[in-house]
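Inspection log for the structure reproduced underneath, given as structure tokens.
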Amino acid sequence: MEKIVSLCRRRGFLFQSSEIYGGLNGFWDYGPLGVELKRNVKEAWWRDMVTQHDDLDVLPGAPSTYEMCGLDCTIIMHPQVWKCSGHFDLFVDEMVDCRETKKRYRYDQVRGRWAEAKGQKLFVCTMAENEEEEIARRAQKFFKLRAKDADQIAWDGPITTLDKIGDTSQALGPDASEPGTLTEPRDFNLMFPTIIGALAGEEGRAFLRPETAQGIFVNFKNVLDSSRVRIPFGIAQVGKSFRNEITPRNFTFRSREFEQMEIEFFCHPKTSKEWYQFWRDRRFKWYIDHGLAEGRLQLRDHDPDELSHYSTGTADIEYAFPFLAEGEFGELEGIAHRGDFDLRSHMEGKLDPKSCPLEVELGEDGKPKYKGSGRDLTYRDDLTNERFTPHVIEPSAGADRATLAFICEAYTEDEAPDDKGKMQTRTVMKLHPRLAPLKAAVLPLVKKDGMPEVAKDLYRALKAKFPVFYDEKGAVGRRYRRQDEAGTPYCITIDGDTLSDKTVTLRDRDSLEQIRVKLDDVVEEIESRVG
């Protein structure tokens with residue numbers, strides 16, 4: 001993972017936000033290559049899910065031809081949206097504070113292991129990525145044992161999270177020197193508050209959105225009335241969300257500002273289970289089609305105790321990121337069967353998550369505690385005249401996590417010949433051509449004999465179609481290496497033969513195969529290869 005992070009900074013994929021001022025934890029900037037890669041990920045998602053979807057008759061015996069449309073909602077919405085959705089009360093993580101170091105940690109992210117020596121037993125904690133070595137080092141230091149005496153430590157059970165043991169009094173905090181310095185866990189609301197206009201206090205208080213989904217739900221009727229779509233149909237949105245994570249970590253995997261790619265798919269309650277199955281399978285296939293290895297990808301159904309109160313089924317698409325322990329996976333996307341919870345919430349008001357079926361929560365005056373919009377968000381089928389509240393299937397993906405997964409999957413070290421034919425280790429980003437920031441590089445072999453002029457004309461012709469790089473500095477082998485690290489799938493070299501036979505050398509990044517292509521056919525050839 002250290003090599004991947006280093007390459008991302010060196011080649012301009014990702015930078016720490018505000019780096020010249022020491023950085024800001026949980027915030028990241030995308031560099032010249034990174035912004036193109038992430039944009040390609042979002043465009044591939046939008047193209048496949050919205051503009052080019054052609055799924056017809058996918059559910060036998062049911063209305064199964066569906067439409068897709070898009071929205072772009074505001075980041076700041078009416079505060080009542082978050083009260084009725086449940087985020088105002090329920091969007092929390094548990095945190096613990098260390099009385100010694102004054103640091104704060106998310107309760108379920110502190111990992112450790114029971115250790116016993118010299119008649120004392122404690123749960124040794126860490127937040128480090130090399131957790132096994134760090135836990136062993138911290139235990140050895142606490143028990144004042146030399147390296148040769150480390151076998152005197154008796155380990156009890158595997159490494160687990162602090163919330164699993166449920167007792168902070170016997171824990172040696174991640175940065176503490178003595179056990180018992182961690183507080184009991186308490187709730188921490190993850191929403192970012194802000195102020196609208198000149199009003200201070202509750203009157204002007206609002207929030208940066210923690211998810212993009214609610215903007216879709218509150219616009220459900222607007223989309224119905226303006227676009228004449230019929231159920232089943234989906235509404236897609238790509239946009240920024242904000243969560244005040246207690247301990248952002250693992251590069252861009254857990255950030256405080258991130259982008260989501262979400263679909264809210266509205267369907268008849270009787271066919272919702274089938275649509276849920278359809279979307280979980282379809283979304284899993286999307287990642288494989290764009291280059292993630294099936295062996296490092298899994299589709300995991302939530303256990304009953306993991307399900308949200310409104311969900312009858314949720315599956316996570318997870319990837320084996322390099323920063324995780326062997327056999328562990330991190331979430332890329334969740335596909336949830338949300339039932340009619342969201343539309344009912346915005347019709348009726350704040351719903352009680354502990355009751356089933358859902359009931360309106362009343363205040364002391366007997367009226368709904370959080371009043372809903374009062375708008376009718378049901379659906380009437382104009383063919384059957386049936387009226388119902390649609391069920392919702394939500395495939396919710398992280399654009400930043402997907403981008404990080406594609407970066408991790410693409411990072412490869414292999415061997416390739418240098419300018420003198422000697423085999424050397426090279427670093428190459430084997431990104432899917434559709435996702436690669438640059439589709440091709442144009443390289444004149446030397447800066448003379450008319451080669452740069454031909455190369456520049458070809459560069460301009462290619463640039464009209466997609467991002468291309470022009471490079472005439474240094475030995476051609478070193479130029480190949482730079483493009484390999486950038487993930488450029490094809491390099492086109494203009495050499496002496498080009499001037500006589502009007503052909504160029506086309507080099508494939510992954511196979512290293514080099515073929516001759518007619519100069520006039522290069523644009524069409526590259527266009528067909530990158531899709």
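The strands (runs of 3 or more DSSP E) found entirely in the range 42-137 that carry 3 or more residues being farther than 22 Å from Asp163 by Cα and not assigned by TED's automatic domain parsing to the domain that holds Pro179 are 67-70.
One line per residue, one yes/no per condition, for (1) in contact with a His (Cβ under 8 Å, 6 or more places away or on another chain); (2) under 14 Å from Arg509 (Cβ atoms); (3) surrounded by 13 or more Cβ atoms within 10 Å (Cβ to Cβ):
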{"residue": "Asp381", "(1), (2), (3)": "no, no, yes"}
{"residue": "Thr389", "(1), (2), (3)": "no, no, yes"}
{"residue": "Pro395", "(1), (2), (3)": "no, no, yes"}
{"residue": "Cys408", "(1), (2), (3)": "no, no, yes"}
{"residue": "Tyr411", "(1), (2), (3)": "no, yes, yes"}
{"residue": "Pro417", "(1), (2), (3)": "no, no, yes"}
{"residue": "Gly421", "(1), (2), (3)": "no, no, no"}
{"residue": "Arg426", "(1), (2), (3)": "no, yes, yes"}
{"residue": "Leu431", "(1), (2), (3)": "no, yes, yes"}
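Across the range 269-297, the number of residues qualifying as touching a His at 6+ places or on another chain (Cβ under 7 Å), closer than 14 Å to Val392 by Cβ and surrounded by fewer than 20 Cβ atoms within 10 Å (Cβ to Cβ) comes to 1. The conditions of being crowded, with 21+ Cβ neighbours inside 10 Å and at pLDDT 95 or above are not met by Arg338. Counting only helices (runs of 4 or more DSSP H) that sit wholly inside the range 448-531, those with at least 2 residues that are surrounded by fewer than 13 Cβ atoms within 10 Å (Cβ to Cβ) are 451-463, 496-501, 522-530. Just one of the listed residues (Ile165, Ile159) is at pLDDT below 90, surrounded by fewer than 18 Cβ atoms within 10 Å (Cβ to Cβ), under 31 Å from the mean Cα position of the chain (by Cα) and β-branched (Val, Ile, Thr), namely Ile165. Note on the range 1-23: among residues that are in a loop (DSSP other than H, G, I, E, B) and not polar (S, T, N, Q), the one that is surrounded by the fewest Cβ atoms within 10 Å (Cβ to Cβ) is Gly22.
Of all the numbered requirements in (1) outside any helix (DSSP H, G or I); (2) within 24 Å of Glu129 (Cβ to Cβ); (3) in contact (Cβ under 8 Å) with a residue 40 or more places away in the chain, Asp29 misses one, and that requirement is (3). The set of residues from the range 146-190 being in contact with a helix residue (DSSP H, G or I) (Cβ under 6 Å, 6 or more places away or on another chain) and assigned to a loop (DSSP other than H, G, I, E, B) comprises just one member, Ile153.
The values are calculated or read from the model by the stated rules, or taken from the named source; none is laboratory data. Just so you know, these numbers come straight off a predicted model, no measurement behind them. Every residue, glycine as well, gets a Cβ built from its backbone with ideal geometry; the counts of neighbours run over all protein chains shown.
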